[in-house]
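Please treat every number below as a calculation from the coordinates, not as lab data. In this text the structure is predicted, and so the values were computed from the model without any measurement. FYI the Cβ positions are ideal-geometry reconstructions off the backbone, even for glycines, and counts take in every protein chain you see.
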Amino acid sequence: MKKRKINQLLLIIPAMLLFFHGCEGYSEYKHEEERTKVETKTPAFNPEYFKDKNRQHIAVFFDIVNKKLQISSQPVQVRPGKMPYRPKAGGAVTVVYKDSEGKELGRYSTADPMLARSCDLEAGKGKHEKLIEKGAIEILLPYDTRIATLEITGADKKPRSFPISQKIKEGLRKRD
C-alpha cells in the first residue's frame with residue numbers, strides 16, 4: 001500500500017513541475033511585448049471608417065400582431081459594420097430584397113424570426129418553440145439605397161412583400 005502511494009506521488013510531482021514550468025515561460029513582460037507589436041501594426045481607430053456604405057448595414061423593424069408581420073412605425077437604422085453573414089439557403093425563412101423595378105438585388109436565408117423558444121410545452125404542443133403572437137423583430141439588409149421592396153417567405157412558402165424604399169429614405173434623412 002505504501003509503495004503504491006509513493007508511485008502515485010512520483011507521477012504527480014513531474015506533472016506539477018511541467019505545469020508550473022510551462023507557466024514560468026510566459027511573463028508579463030512577454031505579454032506586453034506581444035501587445036506592443038500588434039498595436040504598432042494596427043492603424044488608429046478612425047470613425048470615418050464606418051461612413052463608407054460598404055461598411056454599414058440597415059435594420060428594418062417589423063411588429064408582430066396576431067402572429068402576422070407589419071412594418072413598424074420605427075424608422076430604419078443604419079448601423080456600423082458589414083452585415084453579418086447570412087447563407088442564401090438552408091433557413092426556414094428567405095429574405096429577398098429588390099429594387100423599384102422588381103429586380104432582385106440579393107437574398108439570404110435565416111431562422112424564423114417569429115419563433116421563440118419556450119419552456120411552456122403545452123403552449124408549444126410538445127415543441128420547444130412557438131410563434132410569437134405580439135412583439136417586434138428586425139430584418140437586416142445591406143446598405144443599398146436602391147432597395148425598394150422586401151419579400152419575406154416563411155415556412156408556409158407564401159411570400160409577403162413590403163414596400164420599404166420610403167422607410168429607408170426617411171431613416172437616412174433622420175440620420176444626416
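Neighbour counts of other C-beta atoms within 10 Å: give me M83, M114 arranged from fewest to most. Write out the running numbers ahead of the final one.
Numbers: M83 16, M114 22.
Ordered by Cβ neighbours within 10 Å, fewest first: M83, M114.
Remark: for residue pairs K41/K169; K134/K158; K51/K157; K68/K169, the C-alpha separation exceeds 27 Å in K41/K169; K51/K157.
With neighbour counts taken as other beta-carbon atoms within 10 Å, the residues Y143, Y97 rank, fewest first, as Y143, Y97.
Could you give the length gained on full extension between K103 and L140, defined as 0.36 nm per residue of separation minus the Cα-Cα distance, in nm?
Values: separation 37, 0.36 × 37 = 13.32 nm, distance 1.88 nm.
Contour length minus the Cα-Cα distance gives 11.4 nm.
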